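Okay, structure first, notes after.
Taken together, the values in this text are just the output of simple stated rules run on the coordinates, not laboratory data. Note that the coordinates shown come from a computational prediction; the quantities given were computed from them, not determined experimentally. Note that we place each Cβ from the backbone using ideal geometry, even for glycine, and neighbour counts take in every protein chain shown.
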Amino acid sequence: MPPPQGSGTVLLLEDDPLVRRATHRMLRSLGYQVLDAALPSEALALARDHAGVIDLLVTDVVMPQMNGVEAAHAFRALRPSAAVLFVSGYARDALAATGEAPAWHLAKPFDVGELAAKLREVLG
């Protein structure tokens, strides 16, 4: 059974180029428009400058410049109505180290079905 299709715009923040490309392809295959960034500063510039709605930030937790939780706080200041999904190879440990207990996280590696289910949960 194919994964459920979605809609909307996702800002993908992932510093690993292979993971970023694979996740971008998965999101597109599920029907989402995707903006992607390798660094938090790029993602925040996209969030500030993109004329349309951004429904969701999908962010890695451990990155250069700032961690995903810090990037999510800055993103939410620009786009308060958007949801945030944290992804990490060690999401629980990395998120615990930040002192945050976010509502949504997805452990790497994940497949398109797991991503689709989590997006449906996050976006409703």
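General remarks:
- Debye-sum result for the chain in log10 I(q)/I(0), which assumes one identical scatterer on each alpha carbon, at q = 0.10, 0.14, 0.19 Å⁻¹: -0.26, -0.52, -1.01
- Protection proxy ranking of 107-113, 53-59, 29-35, by the mean of other Cβ atoms within 10 Å over each peptide's residues and highest first, is 53-59, 29-35, 107-113.
- In this structure the amide hydrogen of GLY89, modeled in the peptide plane, comes within under 5 Å of the amide hydrogens of LYS108, none closer than 5 places in sequence on its chain.
- Its Cα centre serving as origin, the chain has a Cβ charge dipole (Lys and Arg +1, Asp and Glu -1) of approximately 280 debye.
- Charge-dipole axis of the chain as Lys and Arg at +1 and Asp and Glu at -1 on Cβ define it, positive-most pick from ALA22, VAL53, GLY68: VAL53
- Here the Gaussian network model covers the chain, with springs between Cα atoms less than 10 Å apart; of LEU18, LEU106, LEU27, LEU18 fluctuates the most.
- 222 nm mean residue ellipticity, helices alone, for the chain (DSSP H n ≥ 4; -39,500 (n - 2.57); rounded to 500): -13000 deg cm²/dmol
- Point-to-point label distance, ALA107-ALA38, nm (Cα→Cβ direction, 7 Å offset): 3.0 nm
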